[in-house]
Each structure stands twice: as structure tokens, then as C-alpha cells.
Amino acid sequence: MALVGGVTGVGAVVRYGVVRLYASLLPPDEQRVVGMDVGHVSGEYMDIVEMIEGFQQAVPAVAARSGCDVPDLSTLQPSDGFIEIYRSAL
């Protein structure tokens, strides 16, 4: 599976929304997974997880649109909550 359209695909959604990073622990063995929550002002959203091809390139590209620093994804923990990396100006 690949991130369709790469950064362009995410960019189309975030034009009017917010993008946040998060970490989760998945049962049953508590495998740590990092994801990107892409929300649109309409209330629709999509979660993109690090296993998707293009994720590692999309995160810094989206953050660059807002001038935000990207946290070290390898150290992101569930207790960090959601870390906003982009918010559109409405």
C-alpha cells in the first residue's frame, strides 16, 4: 500500500484542516505504531500510519508547509498525545 499522491494527496486534504502526529500501542503485543491524523474542517479525517509507503517523506513535507519542526518519530510515545504539525488558515 502506498500514500496515494504522496504529499500532494495529503496536501489536498489539509488545505482546510489540521494534521497531527501520534503514537499508539497495538494489542496483543503492544507494537508501537506512529500515525498521522489528517482532519478536514468538514469533520472527515483519515489516519495514515508509518507502514504506508511515503509516510516518512510526507511528515516533514506537511510540517514544512507551516514551518513547524518535526519531532523525532522514533521517540514519539502514546503519552505524548497528538502533536500538531499543520493547521490551515481559514
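A few remarks follow.
- Scanning the stretch 29-51 for residues that are part of a loop (DSSP other than H, G, I, E, B) and at pLDDT 90 or above yields 29, 30, 50, 51.
- Scanning the stretch 73-90 for residues that are open to solvent by 40 Å² or more (accessible area, probe 1.4 Å), at pLDDT 90 or above and of a type in the set (A, V, I, L, M, F, W, C) yields a count of 2.
- Pair list, Cβ under 7 Å, 6 or more apart: the stretch 45-57 residue more than 15 Å from residue 20 (Cα to Cα) and in contact (Cβ under 8 Å) with a residue 12 or more places away in the chain, other residue surrounded by fewer than 14 Cβ atoms within 10 Å (Cβ to Cβ) and small (Gly, Ala, Ser): 52/2; 53/2; 54/2
- Boolean, residue 70 is in contact with a Pro (Cβ under 7 Å, 6 or more places away or on another chain) and either buried (at least 16 other Cβ atoms within 10 Å of the Cβ) or at pLDDT below 90 (or both): yes
- In the stretch 69-90, the residues that are in a helix (DSSP H, G or I) reach residues that are loosely packed, with under 12 Cβ neighbours inside 10 Å and of a type outside the set (Asp, Glu) with C-beta atoms within less than 7 angstrom, at least six apart or across chains, in these pairs: 78/25.
The values are calculated or read from the model by the stated rules, or taken from the named source; none is laboratory data. On a predicted model such as this, the values are computed, not experimentally measured, just so you know. When we count neighbours, we look across all protein chains shown, and the Cβ atoms used for this are built from the backbone with ideal geometry, even at glycine. We work out accessible area using only protein heavy atoms, side chains counted, and drop any ligands, DNA or RNA first. Shrake-Rupley method; radii C 1.70, N 1.55, O 1.52, S 1.80 Å.
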